[in-house]
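Nothing in this text is a laboratory measurement; each read-out follows from the coordinates by a stated rule. All figures in this text were calculated on a predicted structure; none of them were measured in a lab. A quick note on method: Cβ atoms are made from the backbone with ideal geometry, for glycine too, and the neighbour counts reach across all protein chains shown.
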Amino acid sequence: MAELIVKTFYDNLKNGKLMGLKCPKCGTHSFPPKGTCNKCGNPDLTWVQMSGEGKINIYSVLNYPGGEFQAVAPYAFGLVKMKEGPVYYTMVKGVDLDDPWKGNMKLPVDATAKVEKIGTKNVVVFYAKK
Ligand SMILES: [Zn+2]
């Protein structure tokens, strides 16, 4: 079951779709999707399209990432609180890469997700709204 969830998640990303799982009992969303509800343990979840809206709460800059990500370094990696509730740690763009600690940017900042191909991977990238 878990393998199927991971495959479905990545197959949808390939098509630019952000799919999560929603618990029909308590309404909790999971993203990336997990096999059972975090809140009530219900294993009977429904696929739903995520809005792709969220807020970047914090971020840091990666200068020397591994593998395929070296080609796009430096880039920012941030903690995004999605509108539906899940907290997702992923690549963020539109933020100040020079120094996340300068405080030029007021956080949290609203952001919208886009799926981007980096090397062979489909990555969920959150763009800060200006
Ligand atoms: Zn639940």
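Nearest 0.05, what FRET efficiency do K114 and I58 give at R0 = 22 Å with Cβ-Cβ as r? Kindly include the intermediate steps, with their values, before the conclusion.
Working: r = 20 Å, r/R0 = 0.92.
My answer for the efficiency is 0.65.
Show me, for segment 52-65, the HN-Hα J-couplings you get by feeding each phi into the Karplus relation (A = 6.51, B = -1.76, C = 1.60, θ = phi - 60°), rounded to Hz, glycine and proline as x.
So the J values, rounded to whole Hz, are x, 9, x, 10, 7, 8, 8, 8, 9, 10, 9, 8, 10, x.
How large is the Rg to Rh ratio of the chain when both quantities use alpha carbon positions and Rh follows Kirkwood?
Working: Rg = 15.5 Å, Rh = 15.5 Å.
In the chain, Rg relative to Rh is 1.00.
Over 20 Å, how big is the tail of the calculated P(r) for segment 53-128, in percent of all Cα pairs? Provide the component values of the computation, followed by the final result.
On the way: 754 of 2850 pairs.
Result: 26 percent of Cα pairs exceed 20 Å.
Taking amide hydrogens as modeled 1.01 Å from N in the peptide plane, which residues meet the under 5 Å criterion relative to Y127, leaving out close sequence neighbours?
Result for Y127 returns K93, T112, A113, K114.
Over the chain, what is the mean sequence separation of C-alpha contacts under 8 Å (at least six apart), divided by residue count, expressed as relative contact order in percent? Walk me through the numbers before you get to the answer.
Numbers: 268 pairs, mean separation 28.3, N = 130.
Relative contact order of the chain: 22 percent.
222 nm [θ] for the chain, helices only, -39500 (n - 2.57) per DSSP H run of 4+, per residue, to 500?
Numbers: 1 runs with 13 residues, N = 130.
Estimated from H runs of four or more residues: -3000 deg cm²/dmol.
Could the peptides 61-73, 111-123, 82-94 be put in order, highest first, of the mean number of other beta-carbon atoms found within 10 Å of their residues?
Details: 61-73: 12.2, 111-123: 15.2, 82-94: 17.3.
For the peptides 61-73, 111-123, 82-94, the packing ranking is 82-94, 111-123, 61-73.
Quick one: Karplus J couplings for segment 16-24, per residue in order, coefficients 6.51, -1.76, 1.60, θ = phi - 60°, nearest Hz, x for Gly and Pro?
x, 9, 9, 10, x, 10, 10, 8, x
What Kirkwood hydrodynamic radius, in Å, does segment 2-49 give when the mean of 1/r is taken over all pairs of distinct Cα atoms and then inverted? Don't skip to the answer; put the middle values down first.
Values: mean 1/r = 0.0945 Å⁻¹.
Computed over Cα pairs of segment 2-49, the Kirkwood hydrodynamic radius comes out at 10.6 Å.
Cross-link partners among lysines for K117, C-alpha distance below 27 Å, same-chain residues fewer than 8 apart left out?
K7, K14, K17, K22, K34, K55, K81, K83, K93, K129, K130
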